[in-house]
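Asks: Following this message is one structure expressed as structure tokens.
The values are calculated or read from the model by the stated rules, or taken from the named source; none is laboratory data. Worth saying up front: this structure is predicted, and the values here are computed from it rather than measured. Cβ: placed from backbone, ideal geometry, glycine included. Neighbour counts: every protein chain shown. The protein model used for the area step is the full one, side chains on, heavy atoms only, and it has no ligands, DNA or RNA in it. Shrake-Rupley method; radii C 1.70, N 1.55, O 1.52, S 1.80 Å.
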Amino acid sequence: MTLKLRALTAAFTLALGLSSAFAAPVELKFSHVVAENTPKGQMAIHFKQLVDKRLKGQVEVKVYPNSQLFGDGKELEAMMLGDVQMIAPSLSKFQKFTDQLQIFDLPFLFDDMAAVDRFQQGKEGQAMLGSLEKYGLIGLGYLHNGMKQLSASQPLKTPADAKGKKFRIQTSDVLAAQFEAINAVPVKKPFAEVFTLLQTKAIDGQENTWSNIYSQKFFEVQPYITETNHGVLDYLIVTNADFWNGLPEQVRNELKRALDESVAFGNEIAAAKDSEDKAAIFASGKSQLVTLTDAERNQWVESMKPVWKQFEGTIGKELIDAAVAANQ
Ligand code: LMR
């Protein structure tokens, strides 16, 4: 190599080194709709902390809780436009994109969260992570929240008590059918509006996990909560395929590792909050727990279960059978 060429190469290498040393980190906005003291809120913070430590200067995670950046009507569209890089909507909010994920809304399908986990980690659950590919979205994994309960302005012991009452639901036709099956009126509304709707009595009740009922203070405006465990509220962590695949491989692998660890962390929080938040709600004295006898619970099961048949053609019988089998 001539001296001149050597000098040129050295200058070029230096310039490259300097430019990467001073390059701005990749920005990863993580938007969600719940409070920070929830499984999803804590998982997002944990993810940011791990990335700050392991990919310092390369990736900067910015977490936006409480629908601050995008409410749940907008976050998927924003992701497709590349305005946000990570979201974790409830599985009930993907109806526009895929029929399969509606399986998680079928009432009384899963006995408990262990069954949900077995199904998600099994062949069918893992295949569903790819169900958004044609929209340029990648499912990176599931995250737990918990089983849903029914809160209301009146005590709900049997399905007849819910007749004619208005319940807020997420944007899911399966959830609408579930309330129609008990002659109640489902009202699709964004999460951020639920407290006000309950407070102003524009609606009579809603279904959610102990964690969401607690962190959103729904219990302060809902004097009765029936412990039904009738459905599941879980999340799919989603990213934009162009963003994800455009990252250097080492960065992508490190992000995935941090995400998997954060999901495990979030799932532990979910399990703990399920009992802690339930206890905190009733310790407040603002809401009363309504427990069901086996016979009463059976009435809810019998009234709501026909929804499975109604959606069997859309979701697929094989998928439903696999979910049932996960109950063992
Ligand atoms: C809801 O809308 O009730 C939930 O999906 C909110 C959430 O993200 O837990």
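Asks: Which of the residues belonging to region 20-35 are modelled with pLDDT of 95 or more and away from the ligand (no atom under 16 Å from the Cβ)?
Replies: Answer for region 20-35, where residues must be modelled with pLDDT of 95 or more and away from the ligand (no atom under 16 Å from the Cβ): PRO25, VAL26, GLU27, LEU28, LYS29.
Asks: Go through region 152-261 and tell me which helices (runs of 4 or more DSSP H), entirely inside it, have 2 or more residues that are open to solvent by 60 Å² or more (accessible area, probe 1.4 Å).
Replies: Fully inside region 152-261 and qualifying: 173-180, 194-199, 241-245.
Asks: I need the full set of residues from region 36-52 which are open to solvent by 10 Å² or more (accessible area, probe 1.4 Å) and either in contact with a Ser or Thr (Cβ under 6 Å, 6 or more places away or on another chain) or modelled with pLDDT under 95 (or both), in order please.
Replies: ASN37, HIS46
Asks: Regarding LEU233, is this residue in contact (Cβ under 8 Å) with a residue 24 or more places away in the chain, within 22 Å of the chain's Cα centre (by Cα) and more than 16 Å from the ligand (Cβ to nearest atom)?
Replies: Criteria not met by LEU233.
Asks: Given the criteria aromatic (Phe, Trp, Tyr) and within 16 Å of the ligand (Cβ to nearest atom), does PHE119 qualify?
Replies: Here the answer is no, as PHE119 does not meet what is asked.
Asks: So which residues in region 59-74 are open to solvent by less than 70 Å² (accessible area, probe 1.4 Å), in contact with a Pro (Cβ under 8 Å, 6 or more places away or on another chain) and more than 15 Å from the ligand (Cβ to nearest atom)?
Replies: Of everything in region 59-74, just one residue is open to solvent by less than 70 Å² (accessible area, probe 1.4 Å), in contact with a Pro (Cβ under 8 Å, 6 or more places away or on another chain) and more than 15 Å from the ligand (Cβ to nearest atom), namely VAL59.
Asks: I'm trying to understand the selection: among the residues of region 108-136, which are outside any loop (DSSP other than H, G, I, E, B) and open to solvent by 10 Å² or more (accessible area, probe 1.4 Å)?
Replies: Correct list: MET113, ALA114, ASP117, ARG118, GLN121, LYS123, GLU124, GLN126, ALA127, GLU133, LYS134, TYR135.
Yes/no per residue for (1) of a type in the set (Ser, Thr, Tyr); (2) near the ligand (Cβ under 10 Å from one of its atoms); (3) within 21 Å of LEU289 (Cα to Cα):
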| site | (1), (2), (3) |
| --- | --- |
| VAL174 | no, no, no |
| ALA192 | no, yes, no |
| THR200 | yes, no, no |
| GLY205 | no, no, yes |
| LYS217 | no, no, yes |
| ILE225 | no, no, yes |
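Asks: Do we find a residue being exposed (fewer than 13 other Cβ atoms within 10 Å of the Cβ), acidic (Asp, Glu) and over 14 Å from LEU106 (Cα atoms) anywhere in region 296-316?
Replies: The answer is no, given that none of the residues of region 296-316 is exposed (fewer than 13 other Cβ atoms within 10 Å of the Cβ), acidic (Asp, Glu) and over 14 Å from LEU106 (Cα atoms).
Asks: Kindly list the number of the only condition in (1) within 14 Å of the ligand (Cβ to nearest atom); (2) more than 26 Å from GLU249 (Cα to Cα); (3) not polar (S, T, N, Q) that fails for MET43.
Replies: Evaluating MET43 over (1) within 14 Å of the ligand (Cβ to nearest atom); (2) more than 26 Å from GLU249 (Cα to Cα); (3) not polar (S, T, N, Q) leaves (2) as the failure.
Asks: Assess whether ALA88 counts as being within 17 Å of the chain's Cα centre (by Cα) and modelled with pLDDT of 95 or more.
Replies: yes
Asks: Between residues in region 190-215 that are under 17 Å from HIS32 (Cα atoms) and residues that are modelled with pLDDT under 95 and near the ligand (Cβ under 8 Å from one of its atoms), which pairs lie under 8 Å by C-beta distance while being six or more apart or on different chains?
Replies: Qualifying pairs under 8 Å: PRO190/ASP72; PHE191/ASP72; ALA192/ASP72.
Asks: Same structure again: Can you pull out every residue in region 75-107 that is open to solvent by 10 Å² or more (accessible area, probe 1.4 Å), assigned to a loop (DSSP other than H, G, I, E, B) and either more than 20 Å from GLU36 (Cα to Cα) or within 13 Å of the ligand (Cβ to nearest atom) (or both)?
Replies: LEU81, GLY82, ASP83, GLN95, LYS96, PHE97, THR98, ASP99
Asks: Now for a different question. Which members of region 273-295 meet the condition of being within 25 Å of MET43 (Cβ to Cβ), open to solvent by 40 Å² or more (accessible area, probe 1.4 Å) and of a type in the set (A, V, I, L, M, F, W, C)?
Replies: ALA279
Asks: Provide a single number: the residues in region 289-322 that are in contact (Cβ under 8 Å) with a residue 60 or more places away in the chain, part of a helix (DSSP H, G or I), closer than 30 Å to PHE219 by Cβ and not acidic (Asp, Glu).
Replies: Residues meeting the conditions: 7.
Asks: Next question, about the same structure. Residues of region 148-168 being within 27 Å of GLY266 (Cα to Cα) and either more than 14 Å from the ligand (Cβ to nearest atom) or out of contact with any Asp or Glu (no Cβ under 7 Å at 6 or more places or on another chain) (or both), which ones?
Replies: SER151, ARG168 - these are the residues of region 148-168 that are within 27 Å of GLY266 (Cα to Cα) and either more than 14 Å from the ligand (Cβ to nearest atom) or out of contact with any Asp or Glu (no Cβ under 7 Å at 6 or more places or on another chain) (or both).
Asks: For region 231-243, does any single residue satisfy the condition of being modelled with pLDDT of 95 or more and over 25 Å from GLU77 (Cα atoms)?
Replies: Taking every residue of region 231-243 in turn, at least one turns out to be modelled with pLDDT of 95 or more and over 25 Å from GLU77 (Cα atoms).
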